[in-house]
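Here the structure is laid out as structure tokens; the discussion comes afterwards.
Read the figures in this text as sums done on the coordinates, not as results from a lab. Because the structure is predicted, anything quoted here is derived from the model rather than measured. All Cβ positions, even for glycine, are placed from backbone atoms using ideal geometry, and neighbour counts span all protein chains on display.
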Amino acid sequence: MQAIVLAAGEGSRMRPLTSARPKVMIPVAGAPLLEHIVTRARQAGVEKFVFVVGYKRETIMEHFGDGHRLEVEIEYAFQEEQLGTGHALAMAEELAEDLFLVLNGDVLVDATSLEKMIKGGNLAVAAKKVLDPTRYGTFLVEDDLLRSVVEKSRSPPSDLANAGTYLLDQEAFDALSKVPLSKRGEYELTDGLNVLVSRGAKISVVELEDWIEIGRPWDVLEANRSILSVAPHSVQGEIESNATLSGKVSIGKGSQVRSGTYIKGPVVIGENCDIGPNCFIRSYSCIGDRVRIGNAVEIKESTIMENTNVAHLSYVGDSVIGSESNLGAGTIVANLRHDDANVRSYLKEEKIDSGRRKLGAIMGDNVKTGINTTIYPGTVIEPGYRGRPGEVIWGHVLKQDEG
């Protein structure tokens, strides 16, 4: 079985995390999101992949290569201009086999459901029941077969959200060639599905057991929780005496956990990290490669990307911290409002309800805070920001010069 993965977009709603990487390369539970997609598809029987890449494609190609490390075959198609999901799939036509899965690069589906789609006997689309279907494209279904895809609507035909996963054949490319530009100025894959249905294609609707969509920066935290809960774990680094590992804790090669440190799993720590002494890393935290967590630091349910330093006496809660950053000693990232209301944060410069009672900072790459900095809940900090000692930071913080 072959899978075509649509991974060409930047993911503008994920800014500032996508300033240096495409959305599919954002680390989730210790590996890029795209790697989790490949792993689950392989478990479902997929051995060949076509990645449709575009934005910062070299980041993807350098990490995955030909797929040998993951025991799969990977080829690449290129979408030079991002003109929608239908256009992205069309870029892979020359590499597509007679029957293939189509996977969105920002959606993680369970392997059991993928296998069910593959073995179902019909073309198929994946659906997930949601509480608020107005946020999604939805399916009109009759006798378990697709009748139409309806884009976001105030009156959706069902609570079955389009989960961005499809089993298609070569007829899909001809259907896409008949699709006009949408109101967004893009060629939509879902319009191609409606063309197929109008021609009499039998397309089954398969409800997923598990579905993780990463469309907003704080979705990374929910994905960490979901994946780490079932992920295998191993300890390959050095654990000093009087350090405590409780529960499922993974520690990479070359990493050192110093005395007095307490790590409560599930937690994943990358390679060549320096942790402690006397720090506390709480459940569902993900620490990237070559990260330094200093003395008396507490990390709570956060992602810390590679080559970042969190200096002594700091606290980071419910946050996503970019790579190559440095949090000065005594930096405190608050994650809870005094009125216990949901934390509001910024999505494409618009302040919205995150839906989370606890949310700290969303921080881009190469950010430096001064000592004794305080960061308000929901703060978004753009890459390259340089803070000052004793600063109080809130809102959407743009890069500023030092001095």
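Figures for the structure shown
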read-out	value
Positive-pole candidate from Q170, S255, N335, dipole of the chain, charges at beta carbon	N335
Ratio of the Cα radius of gyration of the stretch 227-397 to 2.2 N^0.38 Å, where N counts its residues	1.00
Relative contact order of the stretch 2-215, defined on C-alpha pairs under 8 angstrom at six or more residues apart (%)	23 percent
Whether the stretch 223-322 is rounded, prolate or oblate, judged on the alpha carbon gyration tensor where a/c under 1.5 counts as rounded	rounded
Among F280, I214, V102 - extreme Cα towards positive end, dipole of the chain, charges at beta-carbon	F280
Mean-position separation - Cα centroids, the stretch 228-249 and the stretch 66-116, in angstrom	34 Å
Subset of K152/K348; K23/K128; K152/K178; K248/K368 violating a 26 Å alpha-carbon distance limit	K248/K368
At 1.567 mPa s and 4 °C, Stokes D of the stretch 302-403 from Kirkwood alpha-carbon radius, µm² per second	98 µm²/s
Cα-centred dipole magnitude for the chain, charges only on beta-carbon of K, R (+1) and D, E (-1), debye, nearest 20	1380 debye
The stretch 89-194: GluC sites (Glu not before Pro) falling in loop per DSSP and having at most 13 other Cβ within 10 Å	E97
14 Å reach of a label modelled at E238, 7 Å along Cα-to-Cβ, counting backbone N of the stretch 245-263	253-259
The stretch 227-397 - charge dipole about Cα centre, Lys and Arg +1 at Cβ, Asp and Glu -1, debye rounded to 20	240 debye
Antiparallel %, DSSP beta bridges [both residues in the stretch 227-397], to 5	10 percent
Prolate/oblate/rounded call for the stretch 89-195, Cα gyration tensor, a/c under 1.5 rounded	oblate
Residue (of A77, A90, P32) at the positive-pole extreme of the stretch 17-123, dipole from beta-carbon charges	P32
Gyration tensor (alpha-carbon) shape descriptor, the stretch 2-215, a/c threshold 1.5	rounded
Helical contribution to [θ] at 222 nm, DSSP H n ≥ 4, -39,500 (n - 2.57), averaged over the chain, rounded to 500	-4000 deg cm²/dmol
The stretch 335-390: Rg to Rh, with Rh as the Kirkwood radius over Cα pairs	1.00
